[in-house]
Amino acid sequence: MKALAVATGIVFWTLVLGTAWLVFFPGSESGEPVAVLQIEPAAAPSEPPTSEGDPFGGAEAPPGQEGNVDLPPGFAVTGPADPPAAEPAPTPAPEEQGSPPPLPQPDDAAPTPDGDQQGALPSTSPQAAELAPVPVQTETLGPAAPSPAGEQSAAVSPAAGQAPATPAQPESAEETESIALPPVPVPDLVEQSQYGPLPKVALDGKRPAEVYARPSPHAKAAMGGPARVAVLVNGLGLPDAPGSEVLEGLPAPISVAYVAYGRSLQELVTKARAAGHEVLLQIPLEPNNYPTEDPGPHTLLTTLPPDENLKRLQWLMSRYTGYVGITNHMGAKFETTREAMLPVLEEVKRRGLLYLDDGSVKGSAGEPIAGAIGLDYAIVNVRLDEGSGGLAKALAELETMARERGTAIGVAKAKVTTMKQLADWADKLEAKGLVLVPVSAAMRSQRQS
């Protein structure tokens with residue numbers, strides 16, 4: 001019976017001790033590891049306690065736990081001397097975890113830098129991780145997902161023994177096809193007016209003629225470089241012109257011109273730029289037999305005062321955005337009248353645009369005026385859809401002129417058959433030692449020649 005009473009007492013006090021320990025032991029609610037209870041065999045009943053009144057039976061109490069729990073005689077509590085967070089238990093060796101041992105490294109192998117050597121933060125306790133400052137990448141130009149330290153280091157500098165990558169410069173018409181033009185309009189290049197958005201020079205001096213231009217590695221004239229040819233397709237948006245599908249399959253370096261009429265002009269221009277085509281605005285100028293031959297509404301006339309023509313010009317300019325410059329639609333009378341042409345070209349220059357004369361007017365006053373005011377100006381060298389020899393002969397003439405002068409510009413009306421022939425012709429240019437460039441690049445190279 002005495003032995004049964006002793007056993008019952010042991011079970012009873014074990015349950016009491018476990019419950020009290022969970023309630024009163026610090027850290028049980030803080031998420032920290034709890035000290036391990038180890039129940040040791042009770043001492044013989046004949047042996048007195050080692051320390052009278054010591055509830056731990058002579059054993060050392062855990063730090064901070066003195067007097068928290070009253071244990072029966074014969075029970076002892078042992079635990080680690082320090083909190084587990086300060087002295088974590090050693091990680092089992094690979095053999096103990098059941099994984100194969102690491103492969104031996106050769107004696108001359110360089111040590112592999114770990115995450116800490118790459119700038120990664122060392123691991124901390126949960127409380128320290130919550131208080132630790134989050135590193136900020138101050139040199140990042142755009143949003144990026146978090147990456148390991150090794151990947152961040154590789155993004156800053158190239159791997160050892162490797163030279164920094166240099167973007168390949170396109171050197172042929174085929175390679176320049178992949179150039180993407182930025183979306184328009186650029187807010188810094190837009191002036192709101194009573195008619196709508198107008199182009200302007202930005203406060204930092206950037207011009208629409210430069211920002212909206214299609215980039216080309218051949219814009220700068222170079223000794224020994226290939227001869228450059230440029231082609232402008234005009235007449236897009238006129239009532240008798242085909243739709244935007246006519247541009248499908250056309251090489252991207254070919255520039256296009258839309259008149260200031262028609263619906264959804266901005267949508268058409270945006271689509272053309274998305275295909276890589278640089279855009280010009282085609283404005284109506286007074287022909288010799290006006291009004292028998294009428295270029296369209298808001299035509300600039302020699303009989304109007306300059307301020308009225310400027311109002312018409314601004315209305316035409318406001319129809320859409322994203323163009324690099326102006327080209328004429330007709331204008332045999334207007335372009336040969338200096339008094340009418342001067343304020344128009346001054347306005348074109350003031351707004352950061354270029355002017356391309358389509359070559360249909362003989363004796364234009366535009367070239368001397370442009371030279372005097374510093375306007376980017378050029379005259380088309382070959383009208384590709386005119387002449388008795390047909391388009392093939394006109395294209396051959398354009399090639400010859402490009403070889404003689406270094407650069408030549410041609411213009412063609414938007415027609416399905418013409419676009420097909422232009423595309424076939426452009427595919428053979430590289431084999432002939434020529435390169436196709438946008439109009440803006442041809443004009444820049446002409447100024448440098």
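The values are calculated or read from the model by the stated rules, or taken from the named source; none is laboratory data. Computed from a prediction, not measured in an experiment: that's the story for all the values here. In this analysis, Cβ positions are derived from the backbone assuming ideal geometry, glycine residues included, and neighbour counts consider all displayed protein chains. What goes into the accessible areas is simple: the full protein's heavy atoms, side chains included, and nothing from ligands, DNA or RNA. Shrake-Rupley method; radii C 1.70, N 1.55, O 1.52, S 1.80 Å.
Quick look at the values:
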{"read-out": "Some residue of region 389-407 being part of a helix (DSSP H, G or I), under 21 Å from GLN314 (Cα atoms), in contact with a helix residue (DSSP H, G or I) (Cβ under 7 Å, 6 or more places away or on another chain) and not basic (Lys, Arg)", "value": "no"}
{"read-out": "The one condition in (1) farther than 20 Å from VAL233 by Cα; (2) in a loop (DSSP other than H, G, I, E, B); (3) not small (Gly, Ala, Ser) that ASP385 fails to fulfil", "value": "(1)"}
{"read-out": "Pick from region 381-409, criterion among the hydrophobic types (A, V, I, L, M, F, W, C) and more than 24 Å from TYR355 (Cβ to Cβ), ranking: surrounded by the most Cβ atoms within 10 Å (Cβ to Cβ)", "value": "LEU395"}
{"read-out": "Per-region count, region 410-424, residues open to solvent by less than 20 Å² (accessible area, probe 1.4 Å) and in a helix (DSSP H, G or I)", "value": "4"}
{"read-out": "Condition broken by TRP315, with the remaining ones in (1) surrounded by fewer than 24 Cβ atoms within 10 Å (Cβ to Cβ); (2) in contact with an Asp or Glu (Cβ under 7 Å, 6 or more places away or on another chain); (3) aromatic (Phe, Trp, Tyr) satisfied", "value": "(2)"}
{"read-out": "Region 427-449, residues that are of a type in the set (A, V, I, L, M, F, W, C) and surrounded by fewer than 21 Cβ atoms within 10 Å (Cβ to Cβ)", "value": "ALA431, LEU434"}
{"read-out": "Candidates GLY205, GLY262, filtered to the one that is free of Cβ contacts under 8 Å to residues at least 40 places away in the same chain, open to solvent by less than 50 Å² (accessible area, probe 1.4 Å) and on the phi > 0 side of the Ramachandran plot", "value": "GLY205"}
{"read-out": "Test for ALA378: is it within 26 Å of GLY363 (Cα to Cα), in a strand (DSSP E or B) and either open to solvent by 50 Å² or more (accessible area, probe 1.4 Å) or modelled with pLDDT of 95 or more (or both)", "value": "yes"}
{"read-out": "Cβ-Cβ under 8 Å pairs, at least 6 apart or on other chains, region 312-335 side of a type in the set (Asp, Glu), far side in a loop (DSSP other than H, G, I, E, B) and modelled with pLDDT of 95 or more", "value": "GLU335/SER364; GLU335/ALA365"}
{"read-out": "Any hit, region 223-236, residues being open to solvent by 30 Å² or more (accessible area, probe 1.4 Å), under 29 Å from the mean Cα position of the chain (by Cα) and of a type outside the set (S, T, N, Q)", "value": "no"}
